[in-house]
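Q: A single structure is presented below for examination.
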Amino acid sequence: MRDKPTFKLEPWHVREESLDLPTLAETESLFALANGHLGLRGNLDEGEPFGLPGTYLNSFYEQRPLPSAEPGYGDPETGQSIINVTNGKIIRLLVDDEPFDIRYGELQKHERVLDLQCGLLRREVEWTSPAGQQARVTSTRLVSLSQRAVAAILYEVEAVGRPARVVIQSELVANEPLPRIRKDPRVSQILDSPLVAEQQARWAAGAALVHSTNRSELRLAAAMDHIHEGPDNTAVEVDVNHDIARVTFTSHLRPGEKIRIIKFLAYGWSGVRSRQALFDQVTAALTAAKHTGWEGLLAEQRKYLDEYWENADIEIEGDPEIQQAVRLGLFHVLQAGARAERRPIGAKGLTGVGYEGHTFWDTDIFVLPALTHTVPKAAGDALRWRHSTLDAARRRAMDLGLKGAAFPWRTIAGQECSGYWPAGTAAFHINADIAYAVTRYLDATQDEQFEKDVGVELLVETARLWEGLGHFDREGRFRIDGVTGPDEYDALAGNNVYTNLMAQNNLRAAAGAVQRHLDIARTLHVHEDEPARWIAAAEAMYVPFDETLRVHPQSEGFTLHQMWEFSNTDASRYPLLLNYPYFELYRKQVVKQADLVLAMHLRHDYFHDQEQKDRDFTYYEHITVRDSSLSAACQAVIAAELGYMDLAYDYLAETALVDIANLHHNTSDGIHLASMAGTWNVLVAGFGGLRVGGKALAFSPRLPEGISRLAFNFCYRDRLISVVVLKNKATYMIKSGDPLTLSHHGEEFELAAQFLATHAIPEIAPKQAPAQPPGREPLRRGPLRRA
């Protein structure tokens, strides 16, 4: 059975030309529409068949117990799971008493198209019922980027060949049954009937339902209204009960005649607002949407996306498959954060229930850099959400006997939801990851108000954690022991290089922020000697090095571990975490995902020796199995920097195609948002060579054989900068904003606004790429040379 959808290659569309039931769950994730507040999986209008029904509101969750056979001190007892809320997508159709169901009758045509420029999902179906009646059904769906609470559907039915009686049932459905899940820790636990009915209402062509949750005590309201056009004989009825609201349209159509329904939806939720206030909120949003009208919503959507693509688009010539995947990824990155507005950005966005709907460190390290340089406001809002959870992070630190704030490894509302310490809370690098996202955002935006309101406090409280978590040893080195870095196969280790270097960056940034804002520091009760202590810890930070192998162990003693027997590991045993005990993984040299290699990118100021960087990269290529979708993007950036262009191209493809080709066989649970954002990083930081944080914005562009031209725009300090890379030269232009100093392959130059600056790309000698573990090589994109 196939689990990879097939799409026509188009630069601005993802087109499924025929329905493939075995991959329905995957396409539901890929065709999901969202705006950061509301997410609708790409389910069929009629609701069945489905892979996984899904309608999600950002941060609307239910609590569930986290049972443990042997609970330990500090273990969280309660988890949080995103839940499928009231489904407003459903529009059922009966044609002469025959239900429109693609599993019955005959399909002459079934096409779905995700339009990345217009932000729409279109569907066109030609169907013959078992009784022989033909009908043409078309629908267009949007989740508004301009009106945060609103979604809308245009639904049309046309009788073909002979007259037909049609009945259209437009519904709101709460507590719809969901399929059971696999035994996979990466998949959400399904909660049965999580919604409790509180209020129902109906009117001429609309209805509303209000529900609440039992444990998390959250309340949601969903409402629908309709405009219909068609024969004068069309009848409209409205029925409502606790969990279902239905508006029914009944009409007789002559051959070629249509009935046209516009369905407006509005959603809202709150943990504090009254039932009536929430009801009024969604009905007001419906009124605004109807006033705007269908055409008005389309125009607003296109305007929003035109502005986004002006800042964010990446053009690739030479590989149309990658071009399509890159734009799909950028579209989903926008959908995840555009209107989140101080809510988290989850690992799956709002496209599925994978990972319980939780937010992890990859939002801060992979997603926020892309948003920072394309939609800066969305990145700032995500960090303001982190700031809003500081009290919970402080309480967590106190529970653990630590200073400052201990941010959760995985969460929806700010509390730790990981029940497994070694691959959860022990990954304290999340604190430094948040600090990195703060400093990168501040560097790119110079947003002084954000620094005062959010940045200083986040940097101070995360720095305090490192001072308490680490200690000075008898040789004067500052050590951080018993932590887990990005590689979850190397847990509870001492002096993970990534963690130590990112903590060093965190400590320095906090000290600098305090010096710039002494008044804020006083309100945070920063002692006079605290910044000096942070600087002392940063300067003495221990970074282990293996003098025998001349490489950096990713954690102290790592290169002394026994090597994993890759040659005796069958391909079916990957990912290893599902087929081996953690104990076996923790004591061997096997890397789940880029760890030290990620440090080489984010702390490029520390890894400045290219020969050393090459030795480190080669060593870890041999033992990295990429059991995480996060890994390939990191490896691609460093491969490109070191001149392994074909290998970098292979990793680009693995990153970009992870969902559209279902490379990890779990796109059905939702898209891999960090990989989609990671594709931006590969192209901009890898092939574009962008490095930030130095005296000048630095570029070292270079292309692999399969790409003849790369062009991208990005935002930086109130400027829109354009970069075009060809095989032998790169051209830079400031499209808007003031002049700026840039660097091209180490040579600084001044770039004036609206002027082109073209620089030659120095040639490099071909190099043999390092090998990966047997059976874990990326799929070849070009003529790759292996060592």
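Q: Roughly how many nanometres apart are two label points built 7 Å out from the Cα toward the Cβ at R573 and R550?
A: The answer from the label model is 3.3 nm.
Q: Calculated FRET efficiency, D738 and K767, Cβ-Cβ r, R0 56 Å, to nearest 0.05?
A: Plugging the Cβ-Cβ distance into 1/(1 + (r/R0)^6) gives 0.90.
Q: Could you give the length gained on full extension between M563 and N214, defined as 0.36 nm per residue of separation minus the Cα-Cα distance, in nm?
A: Contour length minus the Cα-Cα distance gives 120.7 nm.
Q: Of the listed pairs K109/K348; K348/K377; K8/K303; K613/K695; K8/K592; K729/K767, which have alpha-carbon separations greater than 24 Å here?
A: Distance filter (> 24 Å) returns K109/K348; K8/K303; K8/K592.
Q: Below 8 Å, C-alpha to C-alpha, sequence gap of six or more: please give me the relative contact order for region 522-589 in percent.
A: 26
Q: Could I ask something else about it? Size of the dipole of the chain about the Cα centre, Lys and Arg at +1 and Asp and Glu at -1 on the beta carbon, nothing else charged, in debye to 20?
A: Once rounded to the nearest 20, the dipole reads 420 debye.
Q: Charges on Cβ only, +1 for Lys and Arg, -1 for Asp and Glu, centred on the Cα centroid of region 555-703; of L602, V692, L703, which one is farthest towards the dipole's positive end?
A: With unit charges placed on the Cβ atoms, the residue in question is V692.
Q: Mind giving me the FRET efficiency for R474 and R15? R0 is 60 Å, r the Cβ-Cβ distance, nearest 0.05 is fine.
A: 0.40
Q: Another question about this same structure. Taking the 0 to 90 degree range and rounding to the nearest ten, how far is the long axis of helix 631-641 tilted relative to the main principal axis of the chain, both from C-alpha atoms?
A: 50
Q: Then there is this: Taking the solvent-accessible surface of protein heavy atoms with a 1.4 Å probe, what is the per residue accessible area of the chain in Å²?
A: Value returned for the chain: 37 Å² of accessible area per residue.
Q: Kindly report, to the nearest 10 Å², the accessible surface of K290 as traced by a 1.4 Å probe over protein heavy atoms only.
A: Solvent-accessible area, nearest 10 Å²: 70 Å².
Q: Still on this structure, I have one more. With an 8 Å cut-off on Cα pairs and a minimum separation of 6 or more residues, tell me the relative contact order of the chain in percent.
A: With pairs under 8 Å counted, the relative contact order is 11 percent.
Q: Using a 1.4 Å probe and ignoring any ligands, DNA or RNA, find the accessible area of I365 and quote it in Å² to the nearest 10.
A: Here the accessible area works out near 10 Å².
Q: Same structure, new question: Within the accessible area of the chain, what % is carbon and sulfur when the probe is 1.4 Å and the other protein chains stay in place?
A: Using a 1.4 Å probe with all protein chains present, the chain comes out at 49 percent carbon and sulfur.
Q: Given an 8 Å cut-off on Cα distances and at least 6 residues of separation, report the relative contact order of region 713-787 as a percent.
A: 22
Q: Under the classification rounded if a/c is under 1.5, otherwise prolate if a/b is larger than b/c and oblate if not, where does region 13-163 fall, given a ≥ b ≥ c as square roots of the Cα gyration tensor eigenvalues?
A: prolate
Q: Ordering L328, L756 by accessible area with a probe of 1.4 Å, largest first, what comes out?
A: Reading off the accessible areas and sorting them downward yields L756, L328.
Q: How would you rank 715-725, 34-44, 207-217, highest first, on the average number of other Cβ atoms within 10 Å across their residues?
A: 34-44, 207-217, 715-725
Q: Sorted by packing (mean other beta-carbon atoms within 10 Å per residue), highest first, where do 492-501, 411-420 land?
A: In descending order of packing, they fall as 492-501, 411-420.
Q: Can you give the FRET efficiency for S722 and A299, using 1/(1 + (r/R0)^6), R0 = 25 Å, r = Cβ-Cβ distance, to the nearest 0.05?
A: 0.40
Q: Out of these labelled values of percent of Cα pairs over 33 Å apart, (i) 53; (ii) 72; (iii) 62, which was calculated from the coordinates shown here?
A: Among (i) 53; (ii) 72; (iii) 62, the one calculated here is (i).
Q: In whole angstrom, note down how far apart the Cα centers of region 64-79 and region 576-631 are.
A: Distance between centres, Cα-based: 30 Å.
Q: From the backbone phi of region 510-520, what are the Karplus-calculated ³J(HN,Hα) couplings (6.51 cos²θ - 1.76 cosθ + 1.60, θ = phi - 60°) in whole Hz, Gly and Pro given as x?
A: 5, 4, x, 5, 5, 5, 7, 9, 5, 5, 5
Q: For the Cα atoms of the chain, what angle does the longest principal axis make with the long axis of helix 645-656, in degrees from 0 to 90, nearest 10?
A: Approximately 40 degrees, to the nearest ten.
Q: Would you mind classifying region 11-74 by shape? Square roots of the alpha carbon gyration tensor eigenvalues, ordered a ≥ b ≥ c; an a/c under 1.5 is rounded, otherwise it is prolate if a/b is larger than b/c and oblate if not.
A: prolate
Q: For region 667-702 and region 482-515, what is the separation of their Cα centres, given in Å?
A: Spelled out, the Cα-based centre of one part sits 21 Å from the other.
Q: Restricting to DSSP H runs of at least four residues, report the calculated mean residue ellipticity at 222 nm for the chain, -39500 (n - 2.57) per run over all residues, nearest 500 deg cm²/dmol.
A: When only DSSP H runs of four or more count, the value is -8500 deg cm²/dmol.
Q: Only Lys, Arg, Asp and Glu count, each charged at its Cβ (+1, +1, -1, -1), so figure out the dipole size of region 44-124 about its Cα centre, rounded to 20 debye.
A: The calculation lands at about 260 debye.
Q: Could you tell me how many degrees, from 0 to 90 and to the nearest 10, lie between the Cα long axis of helix 390-399 and the main elongation axis, the longest principal axis, of the Cα atoms of the chain?
A: On a 0 to 90 degree scale, this one is about 60.
Q: Kindly sort Y155, Y61 by accessible area of their heavy atoms, largest first, with the probe set to 1.4 Å.
A: Result of the area sort, largest leading: Y61, Y155.
The values are calculated or read from the model by the stated rules, or taken from the named source; none is laboratory data. The structure displayed is predicted, hence computed values, not measured ones. For neighbour counting, all protein chains shown are included, and Cβ atoms are generated from backbone atoms with ideal geometry for every residue, glycine included. SASA here: full protein model, heavy atoms, side chains in, ligands and nucleic acids out. Shrake-Rupley method; radii C 1.70, N 1.55, O 1.52, S 1.80 Å.
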